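Colleague: My questions will all concern the structure given below.
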Amino acid sequence: MTIEAAYETLLWFSCAVIAIMMLLCLVMVIIGPRYTDRVVVGNMVYTKSIIMISVLSFLLDIDGIMDISCIYAMIGFLAMVVLSKCYMLPHHYSPADPRHIFFAKLDDTDEEAEGTEGTEETKEAEEI
């Protein structure tokens, strides 16, 4: 067995292991306990698929597949940013957050434009 054949066997074996890990991650996406767990595991799935595409590009000796891998990486990154932003919008701030006064002041500016008065916290923030 030559060294090239050993590398090829190792790369095919790694593709099989990555495929099994991707299937396990997809199961975790389906049964994940929380939304954040599902987002993180989804990130793992697309990262593993990028690795698999790169290994297949090397095995099949097709350079164009590597371009597809790079494009897929950019799309996956943008998808994770959008999902994170969509998750964080309802949880913009909480009263326990020390930045709450700043966010309340921003919300108060919107209320004053509508003609309503601000809350006590925003009045305290204005005094500071």
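The values are calculated or read from the model by the stated rules, or taken from the named source; none is laboratory data. Because the structure is predicted, anything quoted here is derived from the model rather than measured. Virtual Cβ from ideal backbone geometry, glycine too; neighbours counted across all protein chains shown.
Colleague: For the stretch 47-69, which positions are of a type in the set (A, V, I, L, M, F, W, C) and assigned to a helix (DSSP H, G or I)?
Modeller: Ile50, Ile51, Met52, Ile53, Val55, Leu56, Phe58, Leu59, Leu60, Ile65, Met66, Ile68
Colleague: Continuing with the same structure: Name the residue, out of Met74, Met44, Met52, Met80, that is at pLDDT 80 or above, over 17 Å from the mean Cα position of the chain (by Cα) and in the same structural domain as Ser14 (by TED's automatic domain parsing).
Modeller: Criteria check complete, one pass: Met52.
Colleague: Determine which single condition Tyr87 fails, assuming it passes every other condition in (1) surrounded by 15 or more Cβ atoms within 10 Å (Cβ to Cβ); (2) modelled with pLDDT under 90; (3) not charged (D, E, K, R).
Modeller: With respect to (1) surrounded by 15 or more Cβ atoms within 10 Å (Cβ to Cβ); (2) modelled with pLDDT under 90; (3) not charged (D, E, K, R), Tyr87 is out only on (1).
Colleague: Can you tell me which residue among Arg38, Arg34 is in contact with a Gly (Cβ under 9 Å, 6 or more places away or on another chain) and of a type in the set (D, E, K, R)?
Modeller: Selected residue: Arg38, the only one of Arg38, Arg34 that is in contact with a Gly (Cβ under 9 Å, 6 or more places away or on another chain) and of a type in the set (D, E, K, R).
Colleague: Look at Val39 and say whether it is free of Cβ contacts under 8 Å to residues at least 24 places away in the same chain, among the β-branched types (Val, Ile, Thr) and surrounded by 13 or more Cβ atoms within 10 Å (Cβ to Cβ).
Modeller: So Val39 does not fit the description; no.
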